[in-house]
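The values are calculated or read from the model by the stated rules, or taken from the named source; none is laboratory data. None of the values given here were measured: they were computed from a predicted structure. When we count neighbours, we look across all protein chains shown, and the Cβ atoms used for this are built from the backbone with ideal geometry, even at glycine. Surface areas here come from the heavy atoms of the whole protein model, side chains and all, with no ligands, DNA or RNA. Shrake-Rupley method; radii C 1.70, N 1.55, O 1.52, S 1.80 Å.
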Amino acid sequence: MSKITTELLLERAVPRSTRLRKIETLNLSKLQLKTGDLDPRLFSRLRHLQKLDLSDNLLDKFPNSLTLPDLRVLNCNNNKLEDVTALKQFPLLEELTYENNVYLTLNDDYKVMFLLQNLRLLNGKDITKLANHVRRVNSRKLTSKARCVTAHWEKFFRDQLPEKYTAEQVKSIKKKFLKSVQTNVVYGPSSLSEFTRWRVKMIAEELLACSLGLELNTDPEPEEKMDDNEEESTESPREAAEDMAQVGHFSSYINNIVTVTPSKRKRSHSKPGSGNKRSKSQANSKEEAEDVSAEPLHFLQCHSKGNSREDFKTQLWSCVFEPLLDCGARKDPIVSSSRTVATCGGESVCLIDCETGMVLKKYKVATEEFFSVAWTTLTMVVSDSRKKSHNILAAAGRRGIVKLIHVAADFCYGEIKAHKKPIATVCFSPTRETHLFTASYDKRIALWDIGIPDCDYNFKASQLLVLEALSIPLRIALVPTCPDQYLLAGCEGGCFAWNIKLDKEQKSRPFEAVFQFPDEDGGMTTSHRVDGLAFLNDDVIVSKSSKPGCIYLWSWSRSFDTKGKGCQRTISAVILAELEWSMTDLSYLTLSTCPAKEYVFCGDEKGSVWMYSLSNYSTVWSSAKGKRSERRIPPMQILKWPELRENGEQLSEVLINNVVSDPTFTYLVVLTSVNITAIWKKS
């Protein structure tokens, strides 16, 4: 490939041009270009260039003197960029994309937001709000650190400089000072340590320029890496670099919402296209003869890999409604519970307004596959020492890392390397807001204290407890009457209970009890996969196991004697009733409950949602002499999956991985195996 010539620039102009100075749009993608191919003398003639596409090349950095004074849009996707500071030479830049540059991280996002005052879109997302935060609030806090930088110079370095100094002496002291000040003037969360060191270095260089008359260093130098003293990792250096490059943050996100037309469902394995957005249901399905208690509201395709509209393979796994804050800021006057739900699947976590179908925020880590999300509300100290409650979202998955996201601030402020194998599920304690349980494929359930971040997002997480399991834990539930003492887990090899009381010295604990259930032959067994587990009320547990066509309801208090002694006891679950369900032998189609309304929900392998109303049974079950229901309880209603059509093609073979209602059963969120989030609303 020859280097860039005048003829090539004229040919690649859009539209083709006869003079360089007339070119406004230029496409130089897919030319195998390296940094040395960008000749500043040639580019300086592109005085009116506004849009430049350099995607799919081999650039590792930008030359410092390209001289494109009118550049507004720049695409650098799929290169090998290692630094972004040279982009400050384009002060009018409004739109910038550099996705799939594995060595760029969240820190580089913050650098370009600070350097480019006119930047509105970064990697296709509106960053106006976050950029203003970086430029004003963050920079104001860092500027306040200038006093610390000055004090550091005065205390440790000024006296090292003689009255008459040589250039070599200045260079040596400058190097030592810059290294020392970046190490000792600490600010902000660890995930932004590179950005803050970079800003501290800028402040220090400004100080030296004022004190010693030194010119500011305009050429970026390689920054020295800090020792993080992190735990041992099995990742290769390249994997680690790719992971760093994919540290994400929240941003507004309203694209890739699938347009669908529901009708009756047929089974085939076709792959449809999708449209842009669907607000209210445009269903033309044939109505069932039974009364409809819920109607489809939205069908959203918002977890696509790489935002592809052709992605109907990403599995969606977990969703949970955001808790209401005391201030009532999120409360709708008509809806008495939160209508914002967090969903996860594939590389992303989304926040969705169930009423409007709007995807409010999207958080993405391209090297991750998220399996579980959970909310907690922390009382944090804000900058003026006032206390304020904020909702924090924890998200975890295949990499064994828990991401902690301050949603209101659109900011992932930290992560916990919880396990070396994937995390199947997470949940917070209802009584201790900083206590987080993580259940992993390493056959352990860990209890963490995630701490409370300060106004600079510094936090300290610590492991409090490890529960040893015999097989992979799939679902966990804290016992409502004693959430600080007992935890239940549905595992690949059965259902187990642990004592989690923290006044015990033992930090690593075996299970205290394993529950046995009826098997298909009429006997009792402890060895079966339990892939659904939830409490219907303070005592009644709903669990789904490998026995086809059956969901069990059983009593915690009658099954488990909290005064019993000894570990690893085998206990027969006291069955209260069985729910009639699909005869499929497919696993991991989990269930959920709505305790306030005494509902149970479970999806099946045909895209249907089975709904059970159990309020008429709970009074009998609560009686000390309550007997087991002799016959299986049928669903109150089965919501049939509508046939989704786009361009004449059908979306079929839909598995319902999860179904969750808000606390008052106003909305029902359905997660599927085909990258569709369906939202139903109770009539």
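Annotations for the structure displayed:
- Residue check for residue 96: in the same structural domain as residue 199 (by the TED database) and closer than 18 Å to residue 196 by Cβ: no
- Listed by position, the strands (runs of 3 or more DSSP E) contained in segment 530-603 that have at least 3 residues being over 30 Å from residue 673 (Cα atoms) are 569-572, 574-580.
- Selection count where residues are more than 23 Å from residue 95 (Cα to Cα), in contact (Cβ under 8 Å) with a residue 24 or more places away in the chain and not in a loop (DSSP other than H, G, I, E, B), scope segment 1-14: 1
- Identity of the residue in segment 281-316, open to solvent by 10 Å² or more (accessible area, probe 1.4 Å) and in contact with a Leu (Cβ under 7 Å, 6 or more places away or on another chain), that ends up modelled with the highest pLDDT: 312
- Considering 569, 475, 529, the condition of being among the basic types (Lys, Arg) and either open to solvent by less than 10 Å² (accessible area, probe 1.4 Å) or more than 30 Å from residue 663 (Cα to Cα) (or both) is satisfied by 569 alone.
- Leading residue by the ranking (nearest to the chain's Cα centre (by Cα)) among those in segment 15-29 that are part of a loop (DSSP other than H, G, I, E, B) and at pLDDT below 90: 15
- Any chance residue 539 is touching a strand residue (DSSP E or B) at 6+ places or on another chain (Cβ under 8 Å) and either of a type in the set (D, E, K, R) or not assigned by the TED database to the domain that holds residue 577 (or both): yes
- When segment 425-434 is limited to residues that are of a type outside the set (Ser, Thr, Tyr) and closer than 18 Å to residue 497 by Cβ, the one that is surrounded by the fewest Cβ atoms within 10 Å (Cβ to Cβ) turns out to be 430.
- Search result, residues across segment 654-683 that are part of a loop (DSSP other than H, G, I, E, B) and over 17 Å from residue 350 (Cα atoms): 654, 655, 663, 664, 665, 666, 683
- Unmet requirement for residue 79, which otherwise passes all of (1) outside any helix (DSSP H, G or I); (2) touching a residue at least 40 places away in the same chain (Cβ under 8 Å): (2)
- Number of residues in segment 437-470 that are part of a loop (DSSP other than H, G, I, E, B), small (Gly, Ala, Ser) and either touching a helix residue (DSSP H, G or I) at 6+ places or on another chain (Cβ under 7 Å) or buried (at least 17 other Cβ atoms within 10 Å of the Cβ) (or both) equals 2.
- Whichever residue in segment 20-56 is over 25 Å from residue 91 (Cβ atoms) and out of contact with any Ser or Thr (no Cβ under 8 Å at 6 or more places or on another chain) and, among such residues, is surrounded by the fewest Cβ atoms within 10 Å (Cβ to Cβ): 32
- Within segment 145-167, the presence of a residue that is touching a Ser or Thr at 6+ places or on another chain (Cβ under 9 Å), closer than 25 Å to residue 413 by Cβ, outside the structural domain of residue 366 (by the TED database) and not charged (D, E, K, R) is excluded.
- Within segment 478-517, the set of residues being open to solvent by 30 Å² or more (accessible area, probe 1.4 Å) and not basic (Lys, Arg) comprises 480, 481, 484, 485, 492, 502, 503, 505, 506, 508, 510, 516.
Conditions (1) at positive phi; (2) modelled with pLDDT under 95; (3) out of contact with any strand residue (DSSP E or B) (no Cβ under 9 Å at 6 or more places or on another chain); (4) not basic (Lys, Arg), marked per residue:
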residue	(1), (2), (3), (4)
380	no, yes, no, yes
384	no, yes, yes, yes
387	no, yes, no, no
406	no, yes, no, yes
429	no, no, no, yes
435	no, no, no, yes
440	no, no, no, yes
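- Residue match in segment 95-104 (condition: surrounded by 16 or more Cβ atoms within 10 Å (Cβ to Cβ) and over 21 Å from residue 367 (Cβ atoms)): yes
- The residue of segment 73-90 that is nearest to residue 23 (Cα to Cα), among those that are open to solvent by 30 Å² or more (accessible area, probe 1.4 Å) and at pLDDT 95 or above, is 73.
- Matching residues, segment 520-529, being in contact (Cβ under 8 Å) with a residue 24 or more places away in the chain and not in a strand (DSSP E or B): 520, 526, 527, 528, 529
- Check on residue 475, within 16 Å of residue 371 (Cβ to Cβ) and of a type in the set (D, E, K, R): yes
- Lone qualifier among 663, 635 - being of a type outside the set (A, V, I, L, M, F, W, C), open to solvent by 20 Å² or more (accessible area, probe 1.4 Å) and closer than 20 Å to residue 579 by Cβ: 635
- Count of segment 108-128 residues, restricted to those that are touching an Asp or Glu at 6+ places or on another chain (Cβ under 7 Å) and over 16 Å from residue 195 (Cβ atoms), is 4.
Okay, residues lined up against (1) at pLDDT 90 or above; (2) under 27 Å from residue 193 (Cβ atoms); (3) not in a loop (DSSP other than H, G, I, E, B):
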{"position": "31", "(1), (2), (3)": "yes, no, no"}
{"position": "36", "(1), (2), (3)": "no, no, yes"}
{"position": "57", "(1), (2), (3)": "yes, no, no"}
{"position": "62", "(1), (2), (3)": "no, yes, no"}
{"position": "71", "(1), (2), (3)": "yes, no, no"}
{"position": "92", "(1), (2), (3)": "yes, no, no"}
{"position": "103", "(1), (2), (3)": "no, yes, no"}
{"position": "131", "(1), (2), (3)": "no, yes, yes"}
